[in-house]
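The values are calculated or read from the model by the stated rules, or taken from the named source; none is laboratory data. Note that the structure is predicted; figures quoted are calculated from it, not measured. Using ideal geometry, Cβ is built from the backbone for each residue, glycine included, and neighbour counts are taken over all protein chains shown. Calculation scope for accessible area: heavy atoms of the full protein, side chains included, ligands and nucleic acids excluded. Shrake-Rupley method; radii C 1.70, N 1.55, O 1.52, S 1.80 Å.
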Amino acid sequence: MIIGIDDTDSRSGMCTTYLCAVLVDELRKYGEVSTPRLVRLNPCIPFKTRGNGAVSFEVKIRNKEEEAEVKEVVKVRVRELSELREEETNPGVVFIDDEALNARGREENGGEAKLKNFYENAVREVLTLEDAYELISNFHWDYFGLKAKRGLIGALAAASFFVLQKDKPNLYDFTYELMTYRRRERWGTLRVIDEASVWKADAATYPLTWDTVDVANKEIVFAPHSPCPVLFGIRGDSVDAIYKTYEFVHAEPEERKMLFITNQGTDFHLIKLEGAEEKLQDYHSYVLDGVVSSNPRTIEGGHVIFSISLSGKTSIECIAYEPTKGFRAIIRNLRVGDVITVYGSLKKGTLNLEKIGVRKLNIELERNPRCDACGRTMKSAGRRQGYRCKRCGTFKAGKDREIIERKIEKGLYEVPPVARRHISKPLIRMRVEGTDKAIHPSR
Ligand code: ATP
């Protein structure tokens with residue numbers, strides 16, 4: 001049976017991945033339990049707590065009685081561990097038993113395509129609870145929810161990801177995260193982690209692990225600051241490298257740890273639009289090609305904004321927020337005429353930048369020409385009438401063109417780990433993958 005769960009936590013405590021870890025450990029007595037999946041969904045969803053994560057896993061159950069027992073254990077734990085006092089916590093659980101799984105229709109009646117659509121739309125679009133109920137009734141899946149049950153959307157997306165990825169492990173790009181959890185008596189207290197050991201741990205396995213520390217900002221980024229049960233999480237592409245990192249870290253004793261297969265660090269949220277820019281919508285994330293149409297400027301709060309024109313028609317504003325730190329210095333080096341690709345989420349019509357690709361630099365600077373006789377700058381003689389030196393009366397038809405040096409190179413640039421979303425792909429992963437693109441990782 002595959003089980004998907006979401007929306008059990010709030011800002012004041014808990015974490016759906018912890019609930020998942022507790023269940024995975026507890027349910028082992030019924031049969032083999034798979035490596036759980038941690039699926040990050042649309043990062044723009046307003047009612048998310050933090051990283052819009054949902055979880056799923058599979059338990060190999062022996063018979064129907066045990067299946068009923070497992071469902072009961074899950075319901076009890078969800079009731080017990082969810083932050084139900086919080087208005088924004090609306091748990092949802094979906095159970096896909098083997099019968100339901102086999103009856104999913106596969107290719108014949110488009111069953112697989114429905115799951116694919118649901119998962120992909122949960123990462124890239126905004127879904128409704130009606131969409132969730134439609135999928136549930138389509139496949140006759142069992143489900144459970146509390147309060148408004150909004151978590152059913154995430155639960156279904158995580159379960160769909162599991163079903164799809166179970167048969168075709170390489171259908172989607174994926175990474176791993178090893179999460180460690182604090183002992184209950186320590187929840188809400190300051191985390192005890194030996195910082196020096198974390199820097200050593202990172203140095204031992206980067207780039208097979210990433211986003212453990214932020215070198216440019218001299219910060220450790222693998223541990224949250226919230227009162228949730230997570231002690232720290234090690235992210236990476238190699239399970240061996242992750243466990244090696246873990247061995248290096250000295251920290252308070254943990255209650256448990258759990259390895260997740262995840263869509264973190266994959267950029268799966270980005271929609272690549274080719275020529276339909278007029279359809280851009282808020283709460284969606286895009287990869288867009290354009291030309292810088294206004295020079296970057298720093299506004300109050302230290303945010304940097306500029307505009308790009310898309311296919312010569314639509315123009316949108318892009319922003320690098322203050323928390324993106326050194327990334328703003330890169331953005332400030334852009335200038336009108338640069339051909340770039342922007343990666344980020346659209347909110348209130350402004351693209352919140354996660355990465356940029358500089359494809360062609362505008363290295364020409366146009367100036368009013370200088371007078372050959374006296375060397376002074378000539379003035380415009382009127383619209384389309386060339387330039388004249390007021391002093392000498394000399395004339396030139398067009399502007400002077402100067403080749404300038406730029407402080408930025410072509411290639412891909414990214415926000416630093418302190419500002420990175422869970423689902424965003426670190427550029428260093430592209431190096432590991434052997435891409436031939438010029439990349440400038442933030443480290
Ligand atoms: P954490 O990262 O700490 O687990 P969270 O950020 O995942 O917390 P949730 O408490 O799970 O936040 O809240 C997100 C809610 O949004 C869930 O109810 C989930 O079902 C719903 N949701 C997720 N993706 C979408 C989507 N694409 N469209 C509509 N609702 C969504």
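Screening the candidates D267, D237 for the property of being of a type in the set (D, E) and open to solvent by less than 40 Å² (accessible area, probe 1.4 Å) yields one hit, D267.
Of all residues in the range 4-37, those that are among the aliphatic types (A, V, I, L, M), more than 9 Å from the ligand (Cβ to nearest atom) and in contact (Cβ under 8 Å) with a residue 60 or more places away in the chain total 5. Within the range 218-231, restricting attention to residues that are more than 16 Å from the ligand (Cβ to nearest atom) and surrounded by fewer than 16 Cβ atoms within 10 Å (Cβ to Cβ), the residue that is farthest from I423 (Cα to Cα) is K218. With respect to the conditions (1) within 8 Å of the ligand (Cβ to nearest atom); (2) at pLDDT below 95; (3) in a helix (DSSP H, G or I), E80 lacks only one, and its number is (1). Checked against (1) modelled with pLDDT under 95; (2) within 12 Å of the ligand (Cβ to nearest atom), N170 passes all but condition (2). Going by the conditions given, is I363 among the aliphatic types (A, V, I, L, M) and within 30 Å of P46 (Cβ to Cβ)? Considered against the rule, which asks whether it is among the aliphatic types (A, V, I, L, M) and within 30 Å of P46 (Cβ to Cβ), I363 comes out as no. All conditions but one from (1) modelled with pLDDT of 95 or more; (2) over 29 Å from V221 (Cα atoms); (3) in a strand (DSSP E or B) apply to S315; the one that does not is (1). Restricting attention to the range 104-132, the residues being in contact with a Phe, Trp or Tyr (Cβ under 9 Å, 6 or more places away or on another chain), more than 8 Å from the ligand (Cβ to nearest atom), modelled with pLDDT of 95 or more and over 19 Å from K149 (Cα atoms) number 1.
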